[in-house]
Amino acid sequence: MSAVAASSVDDADRRSPQREPRDVVAAVLHAATADAEVALMVTDFSDAVEPIIRWSNLGATELLGRASSDLDGERLADFMQPPDKASLATIFRRERPTTTLVTVRTAVGETVACRLIAIPAPDGCLWTLRVHPAQSDLELALRASADAHEHRFKVLAERSPVPTMMSEQGMRLGHVNDALCALLGVTADKLIGTGWMAYIHGEDLERMTDTVVAVLAGQEREMQARFVDSQRRVRYTDMRFTPLHTPGVGDGFVATMEDITDRRALEEQLNFQATHDSLTGLPRRGKLWDHITAAMEDPQAGLTCMFLDLDNFKLVNDSLGHKAGDTLLVEIAHRLSGSVRPGDLVARFGGDEFVVVCGTGSLDTALEVADRILRVLSDPVMLGGVEIHPRASIGVVLRSPDHHSADDLIRDCDIAMYQAKARGRGRVMVLDEGARSAVYDTLTLVSDLRQALEERRITLCYQPIVCYEGTHPQLASVEALARWQHPDRGTIPASVFVRLAEEHGLVRELGELVLDIACAAMAAWQPQLGALAPPQVNVNLSALQMNDHLLVQTVKRTLRRHGLRPEQLCLEITESALMNDPATASIILGQLRDHGVLVAIDDFGTGYSSLAYLRRLPVHYLKVDRSFVAELQDGHTAVAQAVISLARSLELGVVAEGVETVAQMQMLERMGCSLVQGFGISQPLAGPDLVDWCRSGLPTPQVDAP
Amino acid sequence: MRVAGLDIDAVLDSLDQMASRRPVAARIVATSNNDSTGATDLAAILGADVALAAKVMKLANSAYFGLSGKVTSLRFAVTVVGFNTVRSIATVSLAGIDDATALPEDFWETSVHLAAASGTLGPRFQETAADAMCLGLLAQLGVGLLHQADADGYGQLTATTGFGPERFIAETRRYGICSPQLTAEALQQWRFPVEMVDALRSVHAAGPAGALLRAAYEITARLVDPGHRRTSLGSLTDNRINESQAPATLARTRADVEALRAALGL
């Protein structure tokens, strides 16, 4: 131990309040002196103007590169200085240890950044200095490793094509990567801190903050958010948030974003195409339904619906072509959109039908809009050099407690529109309750008819067609006539339910049912009546069935199912139905005739048959309309005679309908028409009655002589 | 002229005495350095001092952290502002400068600028914005202590020197220590992280440790002192940042000053 060290021990022993045992002090001093890991020095700052080194250990001599004897008595400032080259004096406090950074100069001129801890001795004159490199080799290695790690991570994040942000606390960002800067078109300076919040779409800011709050509380979250870039363009993103907890510091988050603007634009385009009419760009039915349904969610919200149908649009299409029709529809859509108020919806319902939905509960306001629409629509449009003045019929309905769905509202304004049409077109009609009741009534009846068809509750009567040629009348055929006995309303006239079937798409079901029942009856009569059975059954076809290309197949299948020969069936079609589309009718009837089925033209003479067509049509019978038979007794025989003569000259059979008297029968016989049908022969009979009638020898009723 | 009456140990002793009058703040300062201390622990301690808790809540709900009105629990507030910020607010209380009337007139205005500038610059110096903000916020603590010890003399000193290095030299000449160093001494006494102490200790000299604060002082001087003679940011920071970044930094600092001023109730 050096003399200086021995002196220090003596001092310590003398002055220490605790008075450590001398041998303990000696042991500690010995260990400190020989310690090469820690640089220790004792300095004296009592008398000098600056600290003087009094003692140093092995660690100090190794750090400074000088022998202990070379250090003793030297100025501390010769070996180390604070970074600012200021005096070391400020670190020597009487009562408290201090720490400062110093630059140590070694014997070879090297400088080492060190941390200097000065611990005052109780006497206030000596300080023990502990000096160690600011960063040990291990610290430097760990730091270098951590720096490299962080650098790699930073490069990965910064070069990643995925826009990424990192918050250190709250919404304050500490880091953003290049991809995020590129997404928003700004430099990182503008985004760090809370700067990025200025680029969040105003409507998404609240949601974003709520999400961050949840993430800071430890949850992982995803959300879609809009940002507004430096060009004021809206960018849609999918964001994924992960909490970032730093022990002893606080909570932040990392968020990655996916720019879905283009994908969303495509989706929106597809969605628009799916929900909007490609011709006019207006919303289609689905969108209309959604809009009304959403508006109806608030029971207090005023809502008015208008159904608009262009008058005579078919005329434009037929005369100027579909292209002109399309141009007109586009123009109408444009005018409609310009006539409504902000927030109102204009939708294309289909064809030349449009629906306008107004968010008002005021009839006056709605009528103002409707009148404005009519006025604007009537401005002329030039189509193919022709000036057109479009007109429309508008049905208006205000939402009422009866309207529970979009269907209800649309249905009612459709009814109102038909009222407008019925009352002269080019006008606005508010829904009339009477008309609505009538429509409801009809709709109910249609529903009942549909059910009756499903349950086969349509029945048939059969009116005999008798041949009075020769001495005994012969049963030539029976005409099947459909009957519907409504459970509540009683007998529904065939003219009513056939029309309903035609108007509501039930005609095929009705036709097939009637054909099936008639053929079934025909098949049943054979075993019951033998030779007395009707040789043929006549079944009426609707005009609409003449457009049904499946009709021939249906007829063949039904005949086959019931084991009938084709010539046992005669299909009756009205003259007007035939003339609707003579070409198609000719094809279908030709196929039926080729199969062997007979065809009769019903109500002949009431329509406008082209004789040229008639000659070519594959028919077997003409049926003289009852009106011509009825006028025979008044001496008006010309038409009936002409029809009968025409049939004869075309080599067709002829049947007189509506024969009620013996006189009529005699007159028809004289004219050469021996096939007759009517109340004078027999009223229509139910199946069992017909069997009895056949068995009874075809009795005629007692009819008054003329 | 050096003032013989300024005894740094006495100044630091006075801080110890202050700590005994503000036990909650002292506990927060003492415990928030510990990595094992959680937000729940810190919030529990903070909850014992209504005034301090209110300050942290107000700060967490401020525009500075972007969560205005969303932070409803003290624990969440602690995680939002960060432990270092909580400790800094407690330190301000501990040092008795939060409600002291004997402070230079522009003390808080300068402190808020330093805090905002440091927070803005932090990420460029591999510091979190919040830690850097705390460093700036507390940097002036030494000024408060010097002013309390020698109000007239320090007032004269500030009147005759420009903000920044020129004043540091004058402070050292007069008191033997400049204000950031005095702050460093105080923070060391409270066992703040050594990096933070070093940064304050080195602000008036060259070297990387004090670069962030030097730049923050320069940005602050440009914003608060119209007669300030500029020193390039590159020379102050060994070119870790340069003058081209000054406009953005000034703008961001200006914006954060507004948010912080409101957040801290100044």
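Coordinate-derived values only; no laboratory data. All of these numbers come straight from a predicted model, not from anything done at the bench. Quick reminder, even Gly has a Cβ in these numbers, built from the backbone with ideal geometry, and neighbours come from all protein chains shown.
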* For A:H636 paired with A:A520, estimate the spin-label separation in nm (one decimal), with each label point 7 Å from Cα along the Cα-to-Cβ line. => 4.2
* Taking a cut-off of 22 Å between Cα atoms, list the lysines near A:K421, but don't count ones fewer than 8 places away on the same chain. => A:K314
* Would you be so kind as to identify which of A:I388, A:T242, A:S437 lies farthest towards the positive end of the dipole of chain A, taking Lys and Arg as +1 and Asp and Glu as -1 on Cβ and the Cα centre as origin? => A:I388
* FRET efficiency for B:T31 and A:A294, using Cβ-Cβ distance with R0 set to 56 Å, rounded to 0.05 -> 0.50
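When A:F349, A:F354, B:F76 are ordered from fewest to most other Cβ atoms inside 10 Å of their Cβ, what list results?
On the way: A:F349 18, A:F354 26, B:F76 21.
So the residues, fewest neighbours to most, are A:F349, B:F76, A:F354.
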* To do: Give, as ranges by residue number, the residues of segment A:415-456 whose backbone N falls under 20 Å from the point 7 Å along Cα→Cβ of A:N312.
  => A:418-429
* To do: Give, rounded to the nearest 20 debye, the magnitude of the charge dipole that segment A:310-349 has about its Cα centre when Lys and Arg contribute +1 at Cβ and Asp and Glu contribute -1 at Cβ.
  => 80
* Structure fact -> Per-residue Cβ contact counts at 10 Å, fewest first, order A:K623, A:K556, A:K323 as A:K323, A:K556, A:K623
* Spin-label model distance (nm) - A:T700 vs A:E37, 7 Å beyond Cα toward Cβ -> 14.1
* Structure fact -> Measuring from its Cα centre, the protein assembly as shown shows a charge dipole (+1 at each Lys and Arg Cβ, -1 at each Asp and Glu Cβ) which, in debye to the nearest 20, is 680
* Under 14 Å, Cβ to Cβ, from B:G155 - net charge with Lys/Arg +1 and Asp/Glu -1 -> -3
* Stretched out fully, how many nm does the piece from A:E509 to A:R96 gain, at 0.36 nm a residue minus the Cα gap? -> 137.9 nm
* Neighbour-count ranking [beta-carbon atoms within 10 angstrom, fewest first] of A:S674, A:S393, A:S627, B:S20 -> B:S20, A:S627, A:S674, A:S393
* **Whichever aspartates and glutamates have a C-alpha closer than 15 Å to that of A:K323, once near sequence neighbours (fewer than 8 apart) are set aside** => A:E331, A:D352
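Please get the size of the charge dipole for chain B, origin at its Cα centre, with Cβ charges of +1 on Lys and Arg and -1 on Asp and Glu, quoted in debye to the nearest 20.
Magnitude of the dipole: close to 540 debye.
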* Picking from A:A77, A:I260, B:A44, whose Cα lies most toward the positive end of the charge dipole for the protein assembly as shown (charges on Cβ: Lys, Arg +1; Asp, Glu -1)? -> A:A77
* Structure fact -> Between A:E433 and A:R341, the FRET efficiency computed from the C-beta separation at R0 = 41 Å comes out, to the nearest 0.05, as 0.90
* **chain A: DSSP helices with Cα axial extent of at least 15 Å and average Kyte-Doolittle hydropathy no lower than 1.0** => A:22-34, A:638-649
* Pull up the cross-link candidates among the lysines for B:K55, meaning alpha carbon to alpha carbon under 21 Å and not fewer than 8 places away within one chain. => B:K70
* Net charge of Cβ neighbours under 13 Å - reference A:L445; Lys, Arg +1; Asp, Glu -1 -> -1
* Asked: Of A:G563, A:V539, A:L551, which is farthest on the positive side of the dipole of segment A:532-584, counting Cα position, with +1 on Lys and Arg Cβ, -1 on Asp and Glu Cβ, and the Cα centre as origin?
  -> A:G563
* **Two-site label geometry, B:A248 and B:T231: point separation in nm, points 7 Å out along Cα→Cβ** => 2.4
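Helix-derived [θ] at 222 nm for chain A: sum -39500 (n - 2.57) over DSSP H runs of at least 4, divide by residue count, nearest 500?
Value at 222 nm, helices only: -13000 deg cm²/dmol.
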* Structure fact -> Over chain B, the sum of -39500 (n - 2.57) across DSSP H runs of at least four, divided by residue number and rounded to 500 deg cm²/dmol, gives at 222 nm -19500 deg cm²/dmol
* **Extended-chain gain in nm, criterion 0.36 nm per residue less alpha-carbon gap, A:T491 and A:E206** => 95.8 nm
* Asked: Taking 0.36 nm per intervening residue step and subtracting the Cα-Cα distance, what contour gain separates A:A531 from A:D229 on full extension?
  -> 99.3 nm
